[in-house]
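Okay, so here's the structure we're looking at.
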Amino acid sequence: MSSTAASPERRAVALVPMTPTHLADVLALGRRVYDTSVKPYTSWSLSAIAGHLDSEASACWVALDEERLAGFVLGSMGFDQRSDWGNLEWIACAPEYQGQGVASRLVKACCGSLTEAGADAVVTDVESRNTASAALMRANGFEASVSVTLFVRENAG
């Protein structure tokens with residue numbers, strides 16, 4: 001890196017509401033950082049992003065370093081049968097921006113939007129081996145509540 005280029009940790013990262021113009025970058029970052037094979041009941045796709053962005057009470061934010069996507073969060077109202085709960089479903093921070101508080105700012109923005117939309121609680125799920133995300137959620141006021149074990153029966157034949 002040249003001495004004239006500012007490194008990510010020296011630039012101000014702005015949080016802005018996500019718009020359709022961010023879709024391609026959000027999709028690309030998600031493909032870069034998510035391992036959907038860990039949680040086979042989830043998928044990362046354009047329709048997953050668009051569904052959150054198009055929801056009535058969208059709580060989708062992006063973190064931008066000028067025009068570069070540093071991270072995003074996708075949240076919306078409603079979780080399972082609870083219309084009074086918000087769901088922080090997807091969050092990602094580009095590796096070069098991790099450890100700089102970007103993800104915490106995204107969590108707070110999402111939770112604030114959901115609270116304003118009437119959420120009595122905000123829920124999220126974290127894969128058991130994802131200790132960094134678990135620590136992020138705990139640092140932002142989330143508490144472990146329900147443990148679910150995914151049972152898988154492989155095709156033996």
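The values are calculated or read from the model by the stated rules, or taken from the named source; none is laboratory data. Everything quoted here is computed from the prediction, not taken from an experiment. As a convention, Cβ positions derive from the backbone with ideal geometry for all residues, glycine included, and neighbour counts pool all protein chains shown. Side chains included, ligands, DNA and RNA excluded: accessible areas come from the protein's heavy atoms. Shrake-Rupley method; radii C 1.70, N 1.55, O 1.52, S 1.80 Å.
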- In order over segment 87-93: 3J(HN,Hα) from phi, Karplus 6.51/-1.76/1.60, θ = phi - 60°, whole Hz, x for each Gly or Pro, gives 10, 8, 9, 10, 8, 8, 10
- Computed curve, segment 20-93, Cα-only Debye sum without solvent term, log₁₀ I(q)/I(0) at 0.19 Å⁻¹, is -0.79
- Message: With every protein chain kept in place and ligands, DNA and RNA left out, what is the accessible area per residue of the chain? Probe 1.4 Å, answer in Å².
- Response: 62 Å²
- Item | Computed lengthening from residue 16 to residue 149, 0.36 nm per intervening residue step minus Cα-Cα distance | 44.3 nm
- Extreme residue, positive dipole direction of the chain, given options 43, 61, 132 (C-beta unit charges): 132
- Query: Of the beta bridges DSSP finds with both residues in the chain, what % are antiparallel, to the nearest 5?
  - Reply: 85 percent
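Given contacts defined as C-alpha pairs under 8 Å and at least six residues apart, what's the relative contact order of segment 50-157, whole-number percent?
22 percent
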- Note on the structure: With a ≥ b ≥ c from the Cα gyration tensor eigenvalues, square-rooted, and the rule rounded for a/c under 1.5, otherwise prolate when a/b > b/c and oblate otherwise, segment 62-136 is oblate
- How would you rank 107-116, 74-83, highest first, on the average number of other Cβ atoms within 10 Å across their residues? 107-116, 74-83
- Task: Would you work out what percent of the accessible area of the chain, with all protein chains in place, is carbon or sulfur (probe 1.4 Å)?
- Result: 50 percent
- Message: With +1 on the Cβ of every Lys and Arg and -1 on the Cβ of every Asp and Glu, and nothing else charged, how large is the dipole of the chain about its Cα centre, in debye rounded to the nearest 20?
- Response: 400 debye
- Write down the radius of gyration of the chain and its Dmax, each obtained from C-alpha positions, in Å. 16.4, 60
- Query: Amide H to amide H, which residues 5 or more places from residue 122 or on other chains are under 5 Å from it, using H placed in the peptide plane?
  - Reply: 86
- Message: Need the C-alpha centroid separation for segment 16-70 versus segment 105-152, integer Å.
- Response: 17 Å
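For a protection proxy built on the mean count of beta-carbon atoms within 10 angstrom, sort 47-56, 117-126 highest first, please.
117-126, 47-56
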